[in-house]
1. Name the GluC sites (Glu not before Pro) in region 137-209 that are in a loop by DSSP and that have at most 11 other C-beta atoms within 10 Å, would you?
2. Over its Cα atoms, what ratio of radius of gyration to 2.2 N^0.38 Å does region 139-178 give?
3. Rg over Rh of region 1-86, using C-alpha atoms and the Kirkwood radius, what does it come to?
4. For the chain, what relative contact order do you get, as a whole percent, if you take Cα pairs closer than 8 Å and at least 6 residues apart?
5. How many angstrom lie between the C-alpha centres of region 1-33 and region 100-165?
6. Calculate the translational D of region 114-209 in whole µm² s⁻¹ from Stokes-Einstein, where the hydrodynamic radius comes from the Kirkwood formula applied to all Cα pairs, the temperature is 25 °C and the viscosity 0.890 mPa s.
7. Evaluate the distance, in nm, between pseudo-label points positioned 7 Å from the Cα of His5 and of Lys85 along their respective Cα→Cβ axes.
8. Taking every pair of Cα atoms in the chain, average 1/r, invert it to obtain the Kirkwood radius, and report Rg/Rh to two decimals.
Amino acid sequence: MPKLHQEKLREAKNNKVDFVMIGDSITHSWSKYPGVFEGSNLLNLGFPGDRTQNVLWRIENGALDGISPKIVTLMIGTNNMHDTKKAYPADKPEDIFTGIKAIVAEVRTRLPKSKLVIFSVFPRKPGSENDRAKAVNEMLPRLADGKFVSHLDLNRFFTTEKGQQDETLYNRDLLHLNEQGYFAWAKALKPLMEKHGLSVNPTIVGIND
């Protein structure tokens, strides 16, 4: 996505940024709901198809330069977890974690005053890919330092009382969220946002339930 990368470099240069979200297509799709974080000066660095190595490249090539956000969130690894395909072999959970660890180190180097929140990878349909997600999620708390880097597991918002994936919040692929899924995510983010002096738009459906 070189064109989108260049667009985001310009956006960061020309606008005040208080909130950054880093991720893949799941994060990118927040662009469909711009009103949710209205007034929080969001820079959405979610890129469709990105794997951990793509995110690392973007950061090394200017994605976070010249900004000083209050908070940065990171959810990445989903595209490393896919079963083996022609172009992409499945990565081992330990290798995915290593990639995320490298991203965290790079973010901290470039944004030493910003708080970084690492999200657990969201639930997906049962199978080997979800097993990899669970394995990576178990490792993520190791990255928290108690000061600038924290880990936040929001997966309870996307599962049923029985602990199964809540399919009503997902598209038919059971990987990408639908509109109600994004509203659920927004609701889950509200306490975090308020903690850092930012906000979730209360007029969005479902936020204040």
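1. Listed in order of number, the matching sites are Glu161.
2. Against the compact-globule rule of thumb, the ratio is 1.53.
3. On the Cα set of region 1-86, Rg over Rh gives 0.97.
4. 19
5. Region 1-33 and region 100-165 have Cα centres separated by 20 Å.
6. The estimated diffusion coefficient comes to 169 µm²/s.
7. 1.9
8. On the way: Rg = 16.2 Å, Rh = 17.4 Å.
Reported Rg/Rh, Kirkwood definition of Rh: 0.93.
Coordinate-derived values only; no laboratory data. Predicted model, so just to flag it, every value in this text is computed and none were measured. Backbone-built Cβ (ideal geometry, glycine too); neighbour counts: all protein chains shown.
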